[in-house]
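The values are calculated or read from the model by the stated rules, or taken from the named source; none is laboratory data. Quantities reported herein were computed from a predicted structural model and do not represent experimental measurements. Every residue, glycine among them, receives a Cβ derived from its backbone with ideal geometry; neighbour counts consider all protein chains shown.
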Amino acid sequence: MSVRILGVEFYPITFQGALNALDWMITRDDNCTRLVVTANPIMVMAAQRDQAFMEILENAHLIVPDGVGILWAARKQGVELPERVTGVDLAYALLRKQPSPRFFLLGGKPGVAQQAAENVTHSIPGVSICGTYHGYFRPEEEEKVVEQIAAARPDVIFCAMGSPKQEKFIWKYRNRLGAKVGIGLGGVLDILSGTKKRAPEPIQQAGLEWLWRMLLEPKRIVRNLALLEFALRVQLQSWFDRTSNKGESHDAQAREQRESDTIY
């Protein structure tokens with residue numbers, strides 16, 4: 001049973017289920033780069049103000065819940081999503097896959113993707129990185145970037161340019177990139193390159209990586225105000241749904257009573 005959270009649909013997928021779906025996508029050969037979205041509450045809020053982004057989310061080939069806020073919002077609607085499926089965990093699992101797909105790393109500041117490729121190559125035997133490019137290219141450079149990616153013949157693109165830019169790029173060029181899968185991964189290349197560190201395991205388990213990042217980067221505080229708005233809107237939607245259901249239940253009882261009175 002799927003659940004819509006402020007218009008964005010999530011299915012009850014597990015981490016292993018997501019990997020199985022990715023394995024299937026990598027076997028396809030239909031000249032389409034399938035878009036995988038690792039969605040969190042801030043992205044859901046961005047889609048409220050960006051209709052083009054909302055339409056992309058509607059048509060994405062796979063959306064996974066990357067954030068405890070998504071699991072909480074689903075529970076408010078009476079649906080239990082099995083677990084968080086984070087982009088960084090998916091990235092590491094794919095990089096360790098053998099035989100290795102061909103990966104193209106796109107994003108980060110100049111030099112970050114290249115450093116990430118070097119680190120991954122040294123730490124994961126047999127991994128295949130077929131190309132890299134930074135994420136600070138200008139709009140007029142897009143054609144060059146698309147051509148370079150296609151020429152590298154990747155199976156999987158790790159696109160880490162921030163949302164919704166990364167999802168829009170993959171979606172716009174999905175029939176030209178030549179890859180089987182394109183995954184929006186935010187700051188994953190910063191982690192792979194060693195530019196930034198992932199939160200300690202206990203903080204990850206508690207679902208507080210967003211707080212860890214905010215403490216390390218105070219400028220995120222303004223951006224994370226969207227989390228408060230997300231929580232308020234989910235609470236309001238939950239209240240509205242309960243009120244509507246009570247009203248419908250009351251109306252149904254009233255109809256049944258009238259029918260009973262008519263019969264007897």
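One line per residue, one yes/no per condition, for (1) surrounded by 24 or more Cβ atoms within 10 Å (Cβ to Cβ); (2) part of a strand (DSSP E or B); (3) in contact with a Pro (Cβ under 6 Å, 6 or more places away or on another chain):
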site: Val36; (1), (2), (3): yes, yes, no
site: Ala47; (1), (2), (3): no, no, no
site: Ile70; (1), (2), (3): yes, no, no
site: Ala74; (1), (2), (3): no, no, no
site: Val79; (1), (2), (3): no, no, no
site: Glu83; (1), (2), (3): no, no, no
site: Tyr92; (1), (2), (3): no, no, no
site: Leu105; (1), (2), (3): yes, yes, no
site: Lys109; (1), (2), (3): no, no, no
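Among the criteria (1) among the polar types (S, T, N, Q); (2) in contact with a Pro (Cβ under 9 Å, 6 or more places away or on another chain); (3) over 19 Å from Ile26 (Cα atoms), the one Ser128 does not fulfil is (3). In the stretch 220-237, is there at least one residue being modelled with pLDDT of 65 or more, out of contact with any Phe, Trp or Tyr (no Cβ under 6 Å at 6 or more places or on another chain), farther than 23 Å from Gly87 by Cβ and surrounded by 15 or more Cβ atoms within 10 Å (Cβ to Cβ)? Yes. Screening the candidates Thr121, Thr132 for the property of being of a type in the set (Ser, Thr, Tyr), within 28 Å of Pro65 (Cα to Cα) and not in a loop (DSSP other than H, G, I, E, B) yields one hit, Thr132.
Here is the figure for the stretch 135-182: residues that are part of a helix (DSSP H, G or I) and hydroxyl-bearing (Ser, Thr, Tyr) total 0. Selection of the stretch 68-126 for residues being among the charged types (D, E, K, R) and within 24 Å of Val145 (Cα to Cα) yields Arg102, Lys109, Glu118.
Lys197 meets all of the listed conditions (1) surrounded by fewer than 20 Cβ atoms within 10 Å (Cβ to Cβ); (2) touching a Leu at 6+ places or on another chain (Cβ under 6 Å); (3) not hydroxyl-bearing (Ser, Thr, Tyr) but one, namely (2).
Under the condition of being of a type in the set (Val, Ile, Thr) and within 28 Å of Pro41 (Cβ to Cβ), the residues counted in the stretch 135-176 number 3. Put simply, of Phe104, Phe53, Phe15, Phe10 the only residue that is more than 16 Å from the chain's Cα centre (by Cα), among the hydrophobic types (A, V, I, L, M, F, W, C) and at pLDDT 95 or above is Phe104.
Any idea which of (1) on the phi < 0 side of the Ramachandran plot; (2) touching a residue at least 12 places away in the same chain (Cβ under 8 Å) is the one Glu140 doesn't satisfy? (2) is the only condition that Glu140 fails. In the stretch 54-61, the condition of being part of a helix (DSSP H, G or I), touching an Asp or Glu at 6+ places or on another chain (Cβ under 9 Å) and crowded, with 18+ Cβ neighbours inside 10 Å is met by at least one residue.
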